[in-house]
């Protein structure tokens with residue numbers, strides 16, 4: 001049975017991503033592998049230590065990638081942080097320079113990359129809420145019909 005993804009509420013997406021970030025931002029738990037001195041002849045083992053996923057390199061790398069910060073790839077290459085690039089030139093047919101000012105572009109850039117939890121779901125949600133769908137004004141007529 002397939003599940004329709006359009007039925008998933010947007011609040012559920014943001015809540016789950018916030019929970020995963022809260023796990024990593026919490027203070028580290030004390031090491032539970034410390035044992036008290038066992039009695040001689042005792043074969044009882046101590047408890048395993050709890051895994052601290054927030055300190056894993058892969059998790060830190062993914063968090064930096066999702067926040068647009070610089071990070072070191074698995075191959076050792078340094079990937080620079082996301083920077084706002086130059087806007088469209090004066091010949092842009094959409095007249096982006098007149099429509100969207102530099103301050104607005106900077107605000108949108110920082111909201112997209114730096115706000116929220118830094119998850120891909122939150123970035124997609126940001127785009128979804130800021131895009132307006134417009135119907136085509138004219139439809140092409142197929143001459144072969």
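The values are calculated or read from the model by the stated rules, or taken from the named source; none is laboratory data. Note that this is a predicted model, so its numbers are computed, not measured. Neighbour counts run over all protein chains shown; Cβ positions are idealised from the backbone, glycine included.
Listing for the model above:
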{"quantity": "Members of the stretch 43-79 found to be loosely packed, with under 10 Cβ neighbours inside 10 Å and either outside any loop (DSSP other than H, G, I, E, B) or in contact with a strand residue (DSSP E or B) (Cβ under 9 Å, 6 or more places away or on another chain) (or both), listed by number", "calculated": "58, 78"}
{"quantity": "First in the stretch 131-144 and surrounded by 10 or more Cβ atoms within 10 Å (Cβ to Cβ), second anywhere and part of a loop (DSSP other than H, G, I, E, B), Cβ under 8 Å, 6 or more apart", "calculated": "none"}
{"quantity": "Residue in the stretch 106-115 that is touching a residue at least 24 places away in the same chain (Cβ under 8 Å), in a loop (DSSP other than H, G, I, E, B) and within 18 Å of residue 62 (Cβ to Cβ) present", "calculated": "no"}
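The rows are residues; the columns are (1) modelled with pLDDT of 90 or more; (2) out of contact with any helix residue (DSSP H, G or I) (no Cβ under 9 Å at 6 or more places or on another chain).
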| position | (1), (2) |
| --- | --- |
| 80 | yes, yes |
| 103 | yes, yes |
| 120 | no, no |
| 128 | yes, no |
